[in-house]
Every structure is written in C-alpha cells, then in structure tokens.
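Have a look at the structure below, then the notes.
The values are calculated or read from the model by the stated rules, or taken from the named source; none is laboratory data. Computed from a predicted structure; not experimentally measured. Positions of Cβ are generated from backbone atoms using ideal geometry, with glycine treated the same way; all protein chains shown enter the neighbour counts. Areas reflect the complete protein model, heavy atoms only, side chains present, ligands, DNA and RNA absent. Shrake-Rupley method; radii C 1.70, N 1.55, O 1.52, S 1.80 Å.
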Amino acid sequence: KLNKPHQFWQTQPMPNINEMDKLKPGPIQLGVLAEVRKDPFNLIDKFEWFNVDLRNEEQAQQVYTLLKENYVEDDDNMFRFDYSIDFLRWALLPPGQYSDWLIGVRVNQKLVGFITGIPVTLNIENEQTKVKMTEINFLCVHKKIRANRLAPVLIKEITRRVHIKNMWQAVYTAGIVVPTPISQTRYYHRSLNAKKLIEVGFSSLSARQTISRQQKLYKLPEEPKTPGLRPMKKKDVAQVTKLLNEYLKNFKLYFKYSEEEVKHWFLPRKDVISTYVVEKEQGVVTDFLSFYNLPSQVIKNPKYTHLRAAYSYYNVATSTPIVQLMYDALILAKNEGYDVFNALDIMDNDKFLKELMFCPGDGQLNYYLYNWKLESNMLKPEEIGIVLV
Ligand SMILES: CN(C)Cc1n[nH]c2ccc(-c3ccc(F)cc3OCCn3ccnc3)cc12
C-alpha cells in the first residue's frame with residue numbers, strides 16, 4: 001500500500017541517505033531502450049491521456065485555468081502562481097520541444113492533470129559531463145481529485161516518454177522535500193511597492209514601522225544609473241550568447257546555450273521576459289540583466305486580485321558592478337509596474353541580496369536530479385547555475 005511517506009520515491013533511482021557513499025558518481029540505473037514500455041501507463045476509469053497543443057488557444061486556456069486554480073501556493077495559502085498563456089508558451093515551446101512531452105489527463109473533456117518536460121543538455125560538475133535530459137515542470141493535479149495517486153502515474157508516464165527518446169536523467173525543482181535534493185536554495189524578496197505588499201499581507205509592519213517609512217526605505221530613483229543600458233535586441237544575440245556561456249562555466253550545474261536558444265529564452269516578450277544589455281562604446285555589450293513575469297493570485301483580498309512579481313533570471317556583469325546592475329534591474333522592474341522583485345540565493349545573487357535590501361522568504365526551493373549521483377552529495381546554492389521557472 002502506497003501510504004508510507006515517500007513510498008513512491010523510494011521506488012525511484014534517487015540516492016537515499018545510506019547509499020550516499022556507496023554509489024559512484026553518474027547514472028544510478030543504466031537504461032535499456034528495448035525494455036521501455038511502448039504503451040502509456042494505465043489510468044483509472046474515465047481518465048484519459050491527452051497531448052496538449054499549447055499553440056491551440058482552447059487547449060492553452062484549459063492549461064491556464066487548471067494551473068491558476070490548482071497549482072503552487074505559498075506556505076500560508078495566501079498566494080497562488082498565475083502563469084499566463086504567453087508565459088507558458090515561452091516556458092514550454094523552446095527549440096527542439098517534443099509534442100508528446102506536454103502531458104494532460106482529461107475526464108469528460110475536462111483537464112484534471114498536467115505534467116511537462118522540455119529537452120535540455122545539462123553540464124554536471126564539469127565541462128566534460130554533458131547529459132541530454134529533460135527538465136520537468138508544472139506537475140499539477142486538480143484539487144478535487146487529489147489522493148487518487150494520479151501524480152505518481154503522471155511522473156511515470158513522462159519518465160516513460162523521456163526513456164523512449166533514450167534519455168535517462170531529469171532535472172526539476174520543488175518547494176517540498178522528497179528524496180533527495182541536490183541543493184536547497186532560499187528565495188528573497190525586494191519590495192518595490194511597499195504599500196501594496198503590506199495591504200495584501202505579503203509584508204507586515206512591526207510596531208515601530210509605518211507604511212510611509214517603508215515607502216521611503218524602499219524608494220528607488222526614476223531612471224537606471226548604468227550608461228548604455230537598453231532593452232536587448234536581435235543584434236545582441238551573438239554577444240549575449242558568448243557572455244552567458246562564459247559566465248555559466250563558473251557553476252557546477254549549468255546549460256550551454258546556442259544562439260537559437262538565447263533568442264528564445266532572452267529576446268524580450270511583453271509581460272513574459274525582460275532582458276536589458278549594457279552597450280559600452282560602439283556596439284560592445286559587456287553586461288546584461290534579465291527577469292521574468294510571474295504574478296501570484298491573491299487568494300482572498302478585498303482590494304487586490306494579484307501580486308505582480310518579477311523573478312531574477314540570468315544576470316552577467318563583466319564590467320558593471322553586480323550590485324549596480326541589479327539596482328538598475330530593480331528600477332526597471334519598478335518602472336514596468338512590478339510590486340516585488342524575487343531572487344534565489346543561487347549563482348552570484350548573494351553578492352547583491354543584502355546590499356539591495358532583499359528580505360528572506362518563508363520557504364525554500366529544492367533542486368533535484370533524477371537518476372544521477374553527484375560527486376559531491378549536495379551542491380551549495382552558489383554552485384547552481386540554472387533557473388527553472
Ligand atoms: C520553480 N517552479 C517549479 C515553480 C515552483 N514550484 N514550487 C515552488 C516553490 C517556491 C517557488 C519560488 C521561487 C522563487 C521565489 F522567489 C519565490 C518562490 O515561491 C514563493 C512562494 N510562493 C509560491 C506561490 N506564490 C508564492 C517556486 C516554485
């Protein structure tokens with residue numbers, strides 16, 4: 001009976017505490033293509049598998065509504081992520097995507113379950129170890145049909161569809177702890193609209209604080225400071241690709257980006273992704289900053305329905321001090337209408353979090369690698385060079 005904690009995860013190729021020192025680095029189980037099940041896993045009666053076509057407006061709407069009403073909430077159930085359709089198309093239709101890796105489960109034409117994969121090549125702990133794998137995301141089961149053990153079936157089915165492509169590893173993140181995190185990172189928030197954050201209950205005032213004091217404390221200049229800072233354009237793709245790939249080599253977990261992928265992931269998309277480059281003298285790009293748009297629905301509030309949050313994506317500072325570059329990111333986000341700017345303590349983020357007055361969040365984001373034993377059991381947050389949306 002699957003009712004002991006993590007009963008499902010104990011059946012999966014993930015290192016557990018006492019195996020840690022026995023397993024050699026690399027794949028935990030070697031996959032055999034010929035042994036992969038050719039047919040989908042069985043679903044309970046009336047449930048059916050369904051490949052989601054996010055380009056189809058109606059199907060995209062169904063995914064949007066399922067997530068908006070049933071996806072991740074904060075620990076106090078005050079906020080729930082509200083990923084937009086444009087955002088989902090950005091996140092889930094990258095170059096090389098497979099049509100059967102956006103998996104839905106339907107009952108009477110209604111979408112009740114979802115899980116996604118996108119193809120990535122992950123560098124693990126050194127430049128020589130490049131592993132083609134999947135990045136898993138958006139695991140969601142409708143609130144009304146939880147405890148049917150649908151989530152494990154969704155995980156097994158996407159695993160099967162990844163195995164069929166002769167890929168045997170996965171990378172994913174989650175707020176919860178299941179066997180076995182490779183890194184436990186923390187998130188931080190920088191107030192941009194102090195008054196609204198207090199009114200929605202995101203921030204609270206201590207006895208000595210007042211709203212106007214908070215507004216003064218977090219006040220930002222009207223315009224960014226760095227000369228030559230401007231929105232990224234197509235002509236910047238080659239330089240941004242070089243800057244990014246060079247920078248990411250500093251970390252133990254990172255993707256290598258083609259120019260095609262940089263076009264997809266970084267060219268600005270309204271209300272989805274903002275990328276700004278610093279163009280020093282004639283045409284030379286020396287730095288860039290980027291943040292993505294992920295609002296949270298405010299579950300119960302008389303005045304506001306949403307919290308507008310910008311999330312730090314990738315930032316490369318080779319000639320501008322990182323603190324100054326990120327200070328400009330705050331100003332740009334404020335001017336784009338965001339209420340809060342969020343960042344994890346991964347990459348070099350620790351260098352600006354305190355100085356720019358970020359406050360720690362109330363939870364953590366755990367990183368996972370499926371079917372892979374690291375040389376070092378855990379990675380420090382500053383060794384993580386990947387951002388999962
Ligand atoms: C990553 N991606 C897989 C979505 C995802 N799943 N689980 C999560 C748990 C935390 C964060 C997270 C990551 C960075 C951050 F600055 C704040 C965060 O959550 C705040 C709490 N919250 C939840 C909903 N509304 C507010 C993301 C996620």
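At 222 nm, what value in deg cm²/dmol follows for the chain if DSSP H runs of at least 4 each add -39500 (n - 2.57) and the sum is divided by all its residues, to the nearest 500?
Helix contribution divided over all residues of the chain: -6500 deg cm²/dmol.
Counting only heavy atoms of protein chains, what accessible area per residue, in Å², does the chain have with a probe of 1.4 Å?
I get 48 Å² per residue for the chain.
List every DSSP H helix in the chain whose Cα atoms extend 18 Å or more along the helix's own long axis and whose mean Kyte-Doolittle hydropathy is at least 1.0.
Long hydrophobic helices here: 322-335.
Which of LYS216/LYS303; LYS195/LYS351; LYS195/LYS300; LYS22/LYS165; LYS38/LYS165 have a Cα-Cα distance over 19 Å?
Result: LYS216/LYS303; LYS195/LYS351; LYS22/LYS165 exceed 19 Å.
Report, for the chain, the % of DSSP beta bridges that are antiparallel, rounded to 5.
90 percent
Amide H of SER183 versus every other amide H placed in the peptide plane: which residues, excluding those fewer than 5 positions away on the same chain, fall under 5 Å?
So SER183 has HN proximity to TYR367, LEU379.
Just to be sure I follow: if Rg is taken over the C-alpha atoms of region 316-356 and Rh is the Kirkwood radius over the same atoms, what is Rg/Rh?
0.96
How high is the relative contact order of region 82-140? Use alpha-carbon pairs under 8 Å, at least six apart in sequence, and give a whole percent.
26 percent
Over region 1-73, what percent of the accessible surface lies on carbon and sulfur atoms, probe 1.4 Å?
Carbon with sulfur: 53 percent of the solvent-accessible area.
Roughly how many Å is it from the Cα centre of region 306-376 to that of region 158-227, as a whole number?
8 Å
Where a ≥ b ≥ c are the square roots of the eigenvalues of the C-alpha gyration tensor, would you call the chain rounded, which needs a/c under 1.5, or, failing that, prolate if a/b is larger than b/c, or oblate?
Prolate.
Express the carbon and sulfur contribution to the solvent-accessible surface of region 103-222 as a percent, rounded to the nearest whole number, probe 1.4 angstrom.
Reported share for carbon and sulfur atoms: 53 percent.
Using label points projected 7 Å from each Cα along Cα→Cβ, tell me how many nm separate LYS249 and THR65, to one decimal.
Going by the 7 Å Cα→Cβ label model, 5.0 nm.
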